[in-house]
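Read the structure below first, then the notes.
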Amino acid sequence: MRATHQRLYINVDHVATLRQARRTDEPDPVMAAELCERAGADGITAHLREDRRHIQDDDVRRLAATVRTVLNLEMALTEEMLGIALSLQPFQVTFVPERREEITTEGGLDVARDPQALRDGISRLKRAGIRSSLFIAPDSEAVSRSRDLGADAIELHTGQYAHAAHEARTIDALRDAARMASEAGLAVHAGHGLTVRNVAPVAAVPEIEELNIGHSIVSRALFVGIEKAVQEMREAMRAARR
Ligand code: PXP
């Protein structure tokens, strides 16, 4: 099963990281989102962290109002975040683990820890017509638990692969988890640490229908502009799938 068009969602968090370094009003992640869409992004992703270190509440409100493609809101499973999602009605919520001391989202969700809370969160979103995705490590246990929890999709954490792409086991784990999830009826997404140099093997996994990419595109945008940075990634993905 090979989705004909693999979606590219751009995570604009780090545009906000740069703005928050000075707490001014530039650069604006909402303007970045619009340029990404113009350059061919299929969706916009933003992570509203509990500590508000990059994306702010006002950013997600403005993104929800202006994104023309779709908004994928990444968030921890908390009552506060669920309230925000239910009021803003993004197309999709991706539940991610959050630890205050981490630099970025380091591991996948522990889907075994509080299954009832996850199940409730997913069903509240579903009743509101919001799709839910769980950011998990590429392992069979996490995949089957995600299916049992009623999620629409999983996002496979590609961090291990990005750190050791030369080790075959890292891409093999992604391939196996993607196949298993797809057979279980879950939509398969992937992301974290992907760059134009390492994206090809992941983009070539037939079951992976969506990639969420942020840091490398925002970094590249400093030198070539965000539209070109998005187009370069698009092209790398397209070439890998040919
Ligand atoms: N997907 C999820 C669930 C994430 O938490 C992140 C990082 O915020 C990404 C994708 C994007 O990772 P990166 O910024 O390394 O491309």
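The values are calculated or read from the model by the stated rules, or taken from the named source; none is laboratory data. In this text the structure is predicted, and so the values were computed from the model without any measurement. Every residue, glycine among them, receives a Cβ derived from its backbone with ideal geometry; neighbour counts consider all protein chains shown.
Yes or no, residue by residue, for (1) free of Cβ contacts under 8 Å to residues at least 40 places away in the same chain; (2) farther than 29 Å from G185 by Cβ:
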position	(1), (2)
V15	no, yes
Q20	yes, yes
T24	yes, yes
P29	yes, yes
E37	yes, yes
A76	yes, no
A85	no, no
R113	yes, no
R119	yes, no
query = Within region 154-161, is there a residue that is part of a helix (DSSP H, G or I) and away from the ligand (no atom under 16 Å from the Cβ)?
reply = no
inquiry  = Where the second residue is among the aromatic types (F, W, Y) and the first is touching a residue at least 24 places away in the same chain (Cβ under 8 Å) and lies in region 164-193, which pairs have Cβ atoms under 7 Å and are six or more apart or on separate chains?
reply    = I171/Y161; L174/Y161
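Can you work out which of the residues in region 2-38 that are under 16 Å from V230 (Cβ atoms) and acidic (D, E) is surrounded by the fewest Cβ atoms within 10 Å (Cβ to Cβ)? Show your work before the answer.
Let us first name the residues in region 2-38 that are under 16 Å from V230 (Cβ atoms), namely 5-15, 27, 29-38.
If we keep only those that are acidic (D, E) too, we end up with 13, 34, 37.
On the way: D13: 22, E34: 18, E37: 20.
Looking at the filtered set, the residue picked out is E34.
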message = When the residues of region 89-104 are narrowed to those that are in contact with a strand residue (DSSP E or B) (Cβ under 7 Å, 6 or more places away or on another chain) and more than 15 Å from S146 (Cβ to Cβ), which ends up surrounded by the most Cβ atoms within 10 Å (Cβ to Cβ)?
response = P90
key: Qualifying positions in region 221-231 - crowded, with 17+ Cβ neighbours inside 10 Å and closer than 11 Å to L8 by Cβ   = V230
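Check whether at least one residue in region 208-216 is within 30 Å of P29 (Cα to Cα), among the β-branched types (V, I, T) and within 16 Å of the ligand (Cβ to nearest atom), and report yes or no. Break it down stepwise before answering.
Applying the first criterion (within 30 Å of P29 (Cα to Cα)) to region 208-216 yields 208-216.
Next, from what is left, pick out any that are among the β-branched types (V, I, T): 208, 213.
Subsequent filtering for residues that are within 16 Å of the ligand (Cβ to nearest atom) retains 208, 213.
Scanning region 208-216, I find at least one residue that is within 30 Å of P29 (Cα to Cα), among the β-branched types (V, I, T) and within 16 Å of the ligand (Cβ to nearest atom), so the answer is yes.
Assess whether G129 counts as being touching a residue at least 12 places away in the same chain (Cβ under 8 Å) and under 23 Å from H163 (Cβ atoms).
Working: touching a residue at least 12 places away in the same chain (Cβ under 8 Å): yes; under 23 Å from H163 (Cβ atoms): no.
So G129 does not fit the description; no.
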remark   = Scanning region 183-202 residue by residue, those surrounded by fewer than 21 Cβ atoms within 10 Å (Cβ to Cβ) and under 15 Å from A239 (Cβ atoms) turn out to be T195, V196, R197, N198, A200, P201
ask   = Within region 39-57, can one find any residue that is under 19 Å from E155 (Cα atoms) and β-branched (V, I, T)?
value = yes
task = Please enumerate the residues belonging to region 186-198 that are of a type in the set (A, V, I, L, M) and within 10 Å of the ligand (Cβ to nearest atom).
result = A190, L194
message = Going by what's in this entry, would I217 be described as surrounded by 20 or more Cβ atoms within 10 Å (Cβ to Cβ), within 14 Å of the chain's Cα centre (by Cα), modelled with pLDDT of 95 or more and over 20 Å from G108 (Cα atoms)?
response = yes
ask   = Regarding V143, is this residue within 12 Å of the ligand (Cβ to nearest atom) and either in a helix (DSSP H, G or I) or under 28 Å from L35 (Cβ atoms) (or both)?
value = no
